1. Of the conditions (1) closer than 20 Å to A:Gly272 by Cα; (2) more than 8 Å from every other protein chain (Cβ to nearest Cβ); (3) part of a helix (DSSP H, G or I); (4) free of Cβ contacts under 8 Å to residues at least 40 places away in the same chain, B:Ser101 satisfies every one except a single condition; which number is it?
2. Restricting to segment A:325-335, name every residue that is within 14 Å of chain B (Cβ to nearest Cβ) and either at pLDDT 65 or above or surrounded by 13 or more Cβ atoms within 10 Å (Cβ to Cβ) (or both).
3. Would you check which residues across segment A:13-59 are surrounded by 15 or more Cβ atoms within 10 Å (Cβ to Cβ) and within 30 Å of B:Glu98 (Cα to Cα) and list them?
4. For segment B:243-261: of the residues being part of a strand (DSSP E or B) and not aliphatic (A, V, I, L, M), which is surrounded by the fewest Cβ atoms within 10 Å (Cβ to Cβ)?
5. May I ask you to list the residues in segment B:104-120 that are within 7 Å of chain A (Cβ to nearest Cβ) and within 22 Å of the chain's Cα centre (by Cα)?
6. Looking only at segment B:217-242, which residues are of a type in the set (Asp, Glu), part of a helix (DSSP H, G or I) and without any contact (Cβ under 8 Å) to a residue 24 or more places away in the chain?
7. Among the residues of segment A:306-320, write down those that are touching a helix residue (DSSP H, G or I) at 6+ places or on another chain (Cβ under 7 Å) and in contact (Cβ under 8 Å) with a residue 24 or more places away in the chain.
Amino acid sequence: MKTRIPRKSTCLIILLIATIGVLIVTPLLGMKTIPLSALFGPEGGDSDIFWKIRLPRVITSFIAGAGLAVSGMVFQAIFRNLLATPFTLGVASGASLGAAVYVRLGLAFSLPGLSGISVFAFAGAVLSIAIVYGLTRIRQGLSTSTMLLAGVAISFFFSSLILFIQYMSNFIHSFRIVRWLMGTIKVVGFDSAVTMAPFVLTGGVIVFALSHELNLLMMGEEISTSRGVNVNKTKAILFFAVSLMVGSIVAVCGPIGFVGMMAPHICRLIIGADHRKLAPATILFGGIFLTVADTVARTLIAPAEMPVGVITALIGGPFFIWLLMSRSSSIWDMR
Amino acid sequence: MGNPLIDIQHLSLSLGGKAILQNISLAVPRGDMVSLIGPNGAGKTSLLKCLIRIYTPAEGDIKIDGQSLQGYGSKALARRISYVPQEEGGSSPFTVREYVSMGRYPYFHPFSSSSAADKEAIRSALAITGMSAFADRSLGTLSGGERQKASIAAALAQGAEMMLLDEPSAFLDPRNQADILALLSRINHEQGVTILSVTHDINTAAITSRHAAALVEGKLAYWGGTDELMENDILKKIYGISFLFASHPKTGVKLVIPDAP
């Protein structure tokens, strides 16, 4: 039996309601379930856990999930490639290299609202963005294939450097690097969310503003140009906006996989490919998905925690396969 | 003849150090239907791509309605010229309606949704091309002929007075070829759209077009009426082989058959 999909606007409303529900319910869940009545109680105890630990973590998860998902959507459109992810262009590898260097050097500092490892990771992400853009610009124009190949090459190069650093590190440093690479949302207070928010918000607004262009880019650069899209300018704007968004998220949470690649596909199956509706759906779904995954990650083996990067594929993979099998058409030929 | 809609003067294009087009001068009258013919690799598609600024010529000038091509903004140019690329097939996640609505991009603003004028243009383009019944079908589920009609509908929705087509009836069966050619003829006559179409079929050019331009190794080898084109010495100069001639049994239009050795 094939799944019936409700109308697109109904899907968006359902996602919006689900978002509100998830943002209200998940902070209450954890090693200990917090009753609603405790939220406005005296300071300390359950109230503090909710306001200072759980809620910031849920907000951070939602922003990270939303940003990663919409980034994946943009890269899949620009590259017309089902397998594109937020990390395809090496941003995550750059950030991971920055984090690995920080750990290996044994540094310990922080800026107001930002840990030292996040600063190094963001610097690594910016470095990879600059290199990929620079390499792409060497050739005339802003060739998508050159950008893709430069990104993949940089990604492999940085990954090798990370392995080299790990190999040269002692056990403790190597363990810290591996744990960072798994992706974890471990935050206290709203500083991390505030760090990511400007990048994710700006990137999100730019993606919304360029949703018509994203539709056309998926039809190819010739058609886009002939319809009046300034293809190189549009690609450059999207590249920087989305890469900086990914850089800020990875700097805070590490390279959390799966959500960025699969959330856009899941939303395409449900709501179609028109980016005017796909973008908001992907943002909401990505946010919900990572928030739920992180809730599972911090409750499954409580009081210990699992890295959320492990959970995303564990619960997302089977769901995606079920959705794919329940539809009569392929992911790229919907309806 | 008044001002030509497209006026190409001494156009030369090089790609990767290789001369693709050399000193092309051509003036397409408003309302005309022109076929662009020539052997493979002669530069036909490249000429179309110069007209929509996918390629930037090394020399020469192109004027659209008297104004230099470089003076047009991206969207302003798309409001004057639409383009139907060679059908590449493959899958696409969009429905026909979504694809045709992309033709209205030159009229969209950021964050905007379709206006009443956009909706009417999309409805009209679907109706003219006979694609209304396919509007909610995915492009990936269409046949080659239907997909080509969807591409023409998307170009038509652009509301441009000039349509460039790159081999619109290639890879189609005879019925779909006839459908597409009849559709282009209607668009030319009833919508007043000037058409410049690349084709390898000389007979199609003779039947559908008033004028033809022929490119050979990047140079303009012929520009004139299609009646005058159908001469053995002219066609031999273009294709390097001789042709046999016959008359269309209904219209009397001269048709050609390659005189294969």
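1. Every listed condition holds for B:Ser101 apart from (4).
2. The answer is A:Arg327, A:Ser329, A:Ser330, A:Ile331, A:Trp332, A:Asp333, A:Met334, A:Arg335.
3. A:Leu15, A:Ala18, A:Thr19
4. Ranking the qualifying residues of segment B:243-261, first place goes to B:Ser247.
5. B:Tyr105, B:Pro106
6. The answer is B:Glu228, B:Asp233.
7. A:Pro307, A:Val308, A:Gly309, A:Val310, A:Thr312, A:Gly316, A:Phe320
Conditions tested, residue by residue: (1) within 20 Å of B:Pro106 (Cα to Cα); (2) of a type in the set (Val, Ile, Thr); (3) crowded, with 19+ Cβ neighbours inside 10 Å; (4) touching a Leu at 6+ places or on another chain (Cβ under 9 Å).
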residue: B:Leu5; (1), (2), (3), (4): yes, no, yes, no
residue: B:Ile24; (1), (2), (3), (4): no, yes, yes, yes
residue: B:Ala27; (1), (2), (3), (4): no, no, no, yes
residue: B:Lys44; (1), (2), (3), (4): no, no, yes, yes
residue: B:Ala58; (1), (2), (3), (4): no, no, no, yes
residue: B:Ser74; (1), (2), (3), (4): yes, no, yes, no
residue: B:Leu77; (1), (2), (3), (4): yes, no, yes, yes
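The values are calculated or read from the model by the stated rules, or taken from the named source; none is laboratory data. Keep in mind that what you see is a predicted model, and the values were worked out from it rather than measured. Please note: Cβ atoms are built from the backbone with ideal geometry, for glycine as well, and neighbour counts cover all protein chains shown.
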